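Novice: Starting off with a structure, shown below.
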Amino acid sequence: MARLKGFEKLTNVDDALSSFLRQLKPERLDSEYIPIHAALGRITAEDTRAKYNLPPFDRSAVDGYALKAKDTFGVSVFNPKIFKLTKDKVRENEAKELWTGNPVPEGADSVVMLEYTKKFEDKIELATAVTPGRNVSKMGEDVTEGNVAITAGTRLNPHHLGLLAALGESYVTVVRKPKVAILATGSELVELGNKLEPGKIVETNRLVFSSLCMELGAEPLNLGIAKDDLKEITSKIQEGLEQADAVITTGGTSVGYPDLVPMVVNKIGKPGVIVHGVAIRPGMPTALAILKGKPVFVLSGNPVAATVGFEAFTRPTLLRLLGINEARPAIEAKLTRRVAGALGRRVFLRVRVFERNGDFFAEPVRVTGSGVLTTMTKANGYVIIPENREGIDEKESVMVHLFSSIVREQHV
């Protein structure tokens, strides 16, 4: 069967995504109630309101002595004052020893730090004045009873979990993890650990995209490897549609035989392929489809091109299923050398960002090579070269979207 040798038309990246999402109409998934010790990285499905004030009482912010601020006026190193220690409420010219976090006793309105005192049995000598409220964390200063402590759509970090615990919440309502079925296609692919015959390659994309899904907060489902066979690919995609909220396929998506996946998708059902052929580098053969109301991402078999397709289309879609509006961390850096763009196509340039003497620099890792895995292991971010730019000059400031930490150069 004769096939086209190229795409008749490439769709702009933004137009492709908006058209796809407009027809998909993705909605946040349902929620589940889980213990907070299992909630790290999960997305909150509803607001969490404080059941009580935090702190629940006025407490000391330092180790020291609680007293009445007015009793310290005029006190200094040159004019110290003696205070009697008490273990009960604080009266005039009395002080009570406290440690950080202890309740401020009745009668006291401030706390003086230990460093400004000397202790003599049942008395202290004070060498500084304090103002009312000094070193006191007021009741409800952190969170007031009834107010929202954590909003819906928050990715829970360790400090969120600590706050939940402080508020007496042992469980939290989170968005269910999207299940993403992942299929690799290609008769040349073999499973990791199997004998590598001439002309065969180890399949890596499922591992990469399973990891990217888990990093995002989704649950990957392994559909295995399908050979370049219409029936086998059809069966695997249908299996994914039954089990998952979304499907990712890699390989078999250009316009040359045996690139069969878009053909299979259109045969399975409607609306099928929404976009096929995107003005992006790498990742031009990317296709976006909808089957049974679920997104199907037909990504390149080349690892880097597939990763760019995931970043541009799969990631924002999954974030919508999670109910979160989240961008990658970004930093401004200076490009270390000039790189060419591709007029009419959006280029995802892999870069290595490093810090030198307080300045940030972005070193291009490789401009071409959609199948070179080391361009991703050496890079820690990417720069987008817009469709209307012929390139970016050396020392030009660029915005780098980070996917791992920044290297700080060591100086001897």
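The values are calculated or read from the model by the stated rules, or taken from the named source; none is laboratory data. The model shown is predicted, which means the values in this text are computed figures rather than measured ones. Quick reminder, even Gly has a Cβ in these numbers, built from the backbone with ideal geometry, and neighbours come from all protein chains shown.
Novice: Mind checking whether some residue in the range 401-412 is in a strand (DSSP E or B), among the aromatic types (Phe, Trp, Tyr) and not assigned by TED's automatic domain parsing to the domain that holds ASN205?
Specialist: Here is the first cut: in the range 401-412, the ones in a strand (DSSP E or B) are 401-402, 407-408.
Within this subset, residues satisfying the condition of being among the aromatic types (Phe, Trp, Tyr) are none.
No, the range 401-412 contains no residue that is in a strand (DSSP E or B), among the aromatic types (Phe, Trp, Tyr) and not assigned by TED's automatic domain parsing to the domain that holds ASN205.
Novice: Another question, if that's okay. So for the range 229-249 (the condition being hydroxyl-bearing (Ser, Thr, Tyr), surrounded by 19 or more Cβ atoms within 10 Å (Cβ to Cβ) and either more than 17 Å from ALA181 (Cβ to Cβ) or not assigned by TED's automatic domain parsing to the domain that holds LEU183 (or both)), does at least one residue qualify? Talk me through it step by step, then tell me what you get.
Specialist: Step one: of the range 229-249, the residues hydroxyl-bearing (Ser, Thr, Tyr) are 234-235, 249.
Still in the list and also surrounded by 19 or more Cβ atoms within 10 Å (Cβ to Cβ): 249.
Subsequent filtering for residues that are either more than 17 Å from ALA181 (Cβ to Cβ) or not assigned by TED's automatic domain parsing to the domain that holds LEU183 (or both) retains none.
Checked against the condition, which is being hydroxyl-bearing (Ser, Thr, Tyr), surrounded by 19 or more Cβ atoms within 10 Å (Cβ to Cβ) and either more than 17 Å from ALA181 (Cβ to Cβ) or not assigned by TED's automatic domain parsing to the domain that holds LEU183 (or both), the range 229-249 yields no hits at all.
Novice: Would the range 318-339 turn up any residue that is surrounded by fewer than 18 Cβ atoms within 10 Å (Cβ to Cβ) and of a type in the set (Asp, Glu)?
Specialist: yes
One line per residue, one yes/no per condition, for (1) among the aliphatic types (A, V, I, L, M); (2) within 30 Å of HIS160 (Cβ to Cβ); (3) outside the structural domain of LEU167 (by TED's automatic domain parsing); (4) crowded, with 16+ Cβ neighbours inside 10 Å:
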residue: GLY64; (1), (2), (3), (4): no, no, yes, yes
residue: ASN79; (1), (2), (3), (4): no, no, yes, no
residue: GLU92; (1), (2), (3), (4): no, no, yes, no
residue: LYS96; (1), (2), (3), (4): no, no, yes, yes
residue: THR100; (1), (2), (3), (4): no, yes, yes, no
residue: PRO103; (1), (2), (3), (4): no, yes, yes, no
residue: VAL111; (1), (2), (3), (4): yes, yes, yes, yes
residue: TYR116; (1), (2), (3), (4): no, no, yes, yes
residue: PHE120; (1), (2), (3), (4): no, no, yes, no
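Novice: Could you name every one of the strands (runs of 3 or more DSSP E) located completely within the range 44-159 that has at least 1 residues being of a type in the set (D, E, K, R) and without any contact (Cβ under 8 Å) to a residue 40 or more places away in the chain? Reasoning before the result, please.
Specialist: Values: elements: 64-67, 81-85, 94-98, 110-113, 117-120, 123-126, 148-150.
So the answer is 81-85, 94-98, 117-120.
Novice: Could you check the range 199-272 for helices (runs of 4 or more DSSP H) lying wholly inside it with 1 or more residues that are within 30 Å of LEU40 (Cβ to Cβ) and free of Cβ contacts under 8 Å to residues at least 60 places away in the same chain?
Specialist: 205-216, 230-243
Novice: Spot the failing condition for GLY162; the list is (1) assigned by TED's automatic domain parsing to the domain that holds ASP259; (2) surrounded by fewer than 20 Cβ atoms within 10 Å (Cβ to Cβ); (3) not basic (Lys, Arg), and only one is missed.
Specialist: Going through the list (1) assigned by TED's automatic domain parsing to the domain that holds ASP259; (2) surrounded by fewer than 20 Cβ atoms within 10 Å (Cβ to Cβ); (3) not basic (Lys, Arg), GLY162 breaks only (1).
Novice: I need the full set of residues from the range 379-400 which are aliphatic (A, V, I, L, M) and either outside any loop (DSSP other than H, G, I, E, B) or closer than 12 Å to ARG338 by Cβ (or both), in order please.
Specialist: From the range 379-400, those aliphatic (A, V, I, L, M) are 379, 383-385, 392, 398-400; that's our starting set.
Matches in the range 379-400: VAL383, ILE384, ILE385, ILE392, VAL398, MET399, VAL400.
Novice: Being surrounded by fewer than 22 Cβ atoms within 10 Å (Cβ to Cβ), touching a residue at least 60 places away in the same chain (Cβ under 8 Å), under 22 Å from SER254 (Cβ atoms) and out of contact with any helix residue (DSSP H, G or I) (no Cβ under 9 Å at 6 or more places or on another chain) is the requirement here; does GLY344 meet it?
Specialist: Yes; evaluated as a whole, the condition is true for this residue.
Novice: Of the numbered conditions (1) crowded, with 19+ Cβ neighbours inside 10 Å; (2) within 26 Å of THR185 (Cα to Cα); (3) outside the structural domain of PHE209 (by TED's automatic domain parsing), ASN302 fails exactly one; give the number of that condition.
Specialist: Among (1) crowded, with 19+ Cβ neighbours inside 10 Å; (2) within 26 Å of THR185 (Cα to Cα); (3) outside the structural domain of PHE209 (by TED's automatic domain parsing), the lone unmet condition for ASN302 is (3).
Novice: Among the candidates SER210, SER235, single out the residue that is closer than 21 Å to VAL273 by Cα and not basic (Lys, Arg).
Specialist: SER235
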